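Presented below is the structure to which this report refers.
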Amino acid sequence: MSNTENIKKAYELAKERYAALGVDADAAIEKMKGVNISLHCWQTDDVGGCEVKHGELSGGIQATGNYPGKATTIEEIRADLEKVLALLPGKQRLNLHAIYGDFQGGVVDRDAIEVKHFQSWIDWCKKQGIGMDFNATCFSHERAADGFTLSSKNEENRKFWVEHVKRCRAISAEVGKQLGTPCVHNTWIPDGSKDTPVDRNGYRANLKKSLDEAMAVKYPKEHMKDAVESKLFGIGVESMTVGSHDFYLGYAIANNILICLDNGHFHPTEQVGDKISSVLQFVDEVLLHVTRPIRWDSDHVVTLNEDVQLIASEIMRNNFLNRVNIGLDFFDASINRIGAYVTGTRAAQKAFLIAALEPTNDLVKLEEAGKNFERLAMLEELKTMPFSAVWDYYCLQENVPVGADYIAEIQKYENEVLVNR
């Protein structure tokens, strides 16, 4: 019996097991068409970017390790992304930072970027048949050296960053218009204080003023969507982060824009999965940055853990896929970068498929009837259901490597491509 036949046979058996619980495995796989993950381009090159260097990484951003094969040109970044896309089931998106423009070796400061610097990326996405998201890059620049950008009390610097965000939003709108799918533009800044500040209010008032100015022009939502992202703290800003969760949640609600929830940007005992149904009572949509924090926002490769599973389960249980924009945010330079990319993305996808295979309606009925033992028991039994057989069949249908087969594919790419860089 061939491996393909074994996969199909295992799926049929698993399908029967799930059917006994009232779950349609075929329907669960069909739901995965709505799980489009925005792939963060910065995993390919350790957040290096393509511009002439403007400054070192800042705001707690740090890629550790120096594994051979890092992408060093825009062509290498795209080649790596194409390899990643080929190893993932389903249709994904690209998430691009402003520092990854196609600057052709020229010096273009961030307050001067235009659509033309990203047209080749738009064309690349068209060729791949995927959508694209965008991010202002408010770090790694001499005008961010003092730790402040949009909240800066240096008016010249503050206006520089406002202009940068304005241009990024205009680029995002054109991206969405050309690709025919809304481009989510995310604003994250590293602003904060290493030691205890006195005028917290002054910095936050400046940030609100800057955001109001940068977002004054409104674009059609079918072209672009604004998001703002908080952070608990970063290296060098341990005592106060200007853009806290409280600040941005208030701003998002007041302005009807997206709040970005990065599960590495909160206290280690907080769970982003618990926040989703709360914030969606007050905003239309959210943006997710799925990562794996260890101790703090260390942006480790996503694994199939309880935090990621809760995020996926909350989305699938409540039919929130049309209100949640899913992105990743991790960067690991200590291992094969493509391997990290594919392993992390597949882990996130697995969480969503597991969630789609849950008999949610029956569990809710048990809960509402006060049958909490039965609910607990069912949730535990689901953990050992034959999910892997469904996952393998899903990958087979999508014509991508099944199980651990992608490891050999990445090793081959390393031997043929990465080692020659």
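I'm checking my understanding of the structure. Among residues of the stretch 212-230 that are assigned to a loop (DSSP other than H, G, I, E, B) and buried (at least 20 other Cβ atoms within 10 Å of the Cβ), which one is nearest to the chain's Cα centre (by Cα)?
Only one residue tops the list, namely 230.
Out of the helices (runs of 4 or more DSSP H) lying entirely within the stretch 327-403, which hold 2 or more residues that are buried (at least 23 other Cβ atoms within 10 Å of the Cβ) and touching a strand residue (DSSP E or B) at 6+ places or on another chain (Cβ under 7 Å)?
Details: elements: 337-356, 360-368, 372-382, 387-397.
Result: 337-356.
If the requirement is being closer than 25 Å to residue 350 by Cβ and crowded, with 24+ Cβ neighbours inside 10 Å, which of these qualifies: 300, 265? Spell out how you get there, then give the answer.
Numbers: 300 fails: crowded, with 24+ Cβ neighbours inside 10 Å.
Exactly one residue qualifies, and that residue is 265.
Name the strands (runs of 3 or more DSSP E) wholly within the stretch 92-211 that hold at least 1 residues that are farther than 19 Å from residue 78 by Cα, modelled with pLDDT of 95 or more and of a type in the set (A, V, I, L, M, F, W, C)? Before the answer, list the steps.
Values: elements: 93-97, 131-135, 183-187.
Where strands (runs of 3 or more DSSP E) fall fully within the stretch 92-211 and carry at least 1 residues being farther than 19 Å from residue 78 by Cα, modelled with pLDDT of 95 or more and of a type in the set (A, V, I, L, M, F, W, C), they are 183-187.
If you scan the stretch 287-305, which residues turn out to be touching a residue at least 40 places away in the same chain (Cβ under 8 Å) and farther than 22 Å from residue 315 by Cβ?
Once the filter is applied, which keeps residues that are touching a residue at least 40 places away in the same chain (Cβ under 8 Å) and farther than 22 Å from residue 315 by Cβ, the stretch 287-305 yields only 296.
Given 259, 315, 253, 311, which one is in contact (Cβ under 8 Å) with a residue 24 or more places away in the chain, exposed (fewer than 15 other Cβ atoms within 10 Å of the Cβ) and in contact with a helix residue (DSSP H, G or I) (Cβ under 9 Å, 6 or more places away or on another chain)?
Working: 259 fails: exposed (fewer than 15 other Cβ atoms within 10 Å of the Cβ); 315 fails: exposed (fewer than 15 other Cβ atoms within 10 Å of the Cβ); 311 fails: exposed (fewer than 15 other Cβ atoms within 10 Å of the Cβ).
Only one candidate qualifies: 253.
Would you point out which residue out of 282, 247, 266, 233 is outside any loop (DSSP other than H, G, I, E, B) and either touching a residue at least 24 places away in the same chain (Cβ under 8 Å) or among the β-branched types (Val, Ile, Thr) (or both)?
Sole residue among the options that is outside any loop (DSSP other than H, G, I, E, B) and either touching a residue at least 24 places away in the same chain (Cβ under 8 Å) or among the β-branched types (Val, Ile, Thr) (or both): 247.
Considering only the stretch 194-211, state which residues are exposed (fewer than 14 other Cβ atoms within 10 Å of the Cβ) and over 29 Å from the mean Cα position of the chain (by Cα).
Within the stretch 194-211, 195, 196, 198, 199, 201, 202 meet the criteria.
The values are calculated or read from the model by the stated rules, or taken from the named source; none is laboratory data. Remember, it's a predicted structure, so these values are computed and weren't measured experimentally. Glycine gets a Cβ as well: all are built from the backbone with ideal geometry, and neighbour counts include every protein chain shown.
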